[in-house]
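The values are calculated or read from the model by the stated rules, or taken from the named source; none is laboratory data. None of these values were measured; they are calculated from a predicted model. Quick reminder, even Gly has a Cβ in these numbers, built from the backbone with ideal geometry, and neighbours come from all protein chains shown. Heavy atoms of the whole protein, side chains included, go into the accessibility calculation; ligands, DNA and RNA do not. Shrake-Rupley method; radii C 1.70, N 1.55, O 1.52, S 1.80 Å.
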Amino acid sequence: MKIVLFGPPGSGKGTQAELLKEKEGFYHFSTGDLFRYEISKQSELGNKVKKYLENGLLVPDKIVITLVENFLKDNYEKKIVFDGYPRTIPQAMALDEFLFQRNKKVDFCFLIELSEEEIIKRLTARRVCQNCGAIYNLNFKMPKVENICDLCGGNLIQRDDDKEEVIRERIITYYKETLPLIEYYQKKNNLYRIDGNQGRDYVYSEIIKKIKG
């Protein structure tokens, strides 16, 4: 089974992917992890990715598609949940074509919808450990000691991209980029919308209902 998860910043795509990995044995695929792996290997494509990222540029579709297909060649038989991938129509089409050639397909595409107010509430409350990268949230996952990481004792900070003015820009970008993909999967009749305002457990239960149908 192959699942695609979409949603605005703060919608909990990564959390849902991790739950599916832990409870249902899915492989959690994210391009961020793939980029980091290729960069650490210092592969030819990894070095190209690094240059784009260091200059604040989006990695071109051609490179992303090549990296993803190289990964899938050895892993396409696995149950995979794609977290925030594909991001463009060419990426979606390439994924469909790759799977089709192997008698596979994207079985479900879940769109986790969230109000702008809730996105801002969730993300402005996020804090990250400067030392180990652990993530906390002042609304529902507070550290035991204020501004101190439970795991390593490092200082907790608010990332620049979790400040309200930046979040509003990220929301605008998300809708511009994602709307064509929503329409793409709607036409394929495999898009399912879930109200992310209802919280993590509700979203997970709705995903499980669909995939176990």
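Of the residues making up region 112-153, those that are among the small types (Gly, Ala, Ser) and more than 26 Å from residue 178 (Cα to Cα) number 3.
Checked against (1) over 21 Å from residue 176 (Cβ atoms); (2) surrounded by 12 or more Cβ atoms within 10 Å (Cβ to Cβ); (3) within 19 Å of the chain's Cα centre (by Cα), residue 84 passes all but a single condition, namely (1). Taking into account only those residues within region 8-60 that are among the hydroxyl-bearing types (Ser, Thr, Tyr) and farther than 26 Å from residue 114 by Cβ, which is least open to solvent (accessible area, probe 1.4 Å)? Once the filter is applied, the top-ranked residue is 43. When region 152-169 is limited to residues that are on the phi < 0 side of the Ramachandran plot, outside any strand (DSSP E or B) and open to solvent by less than 70 Å² (accessible area, probe 1.4 Å), the one that is modelled with the lowest pLDDT turns out to be 161. If the condition is being more than 18 Å from the chain's Cα centre (by Cα) and either in a strand (DSSP E or B) or in contact (Cβ under 8 Å) with a residue 40 or more places away in the chain (or both), then region 97-114 contributes 99, 104, 105.
Is it the case, given these coordinates, that residue 149 is in contact with a Cys (Cβ under 8 Å, 6 or more places away or on another chain) and open to solvent by 30 Å² or more (accessible area, probe 1.4 Å)? No.
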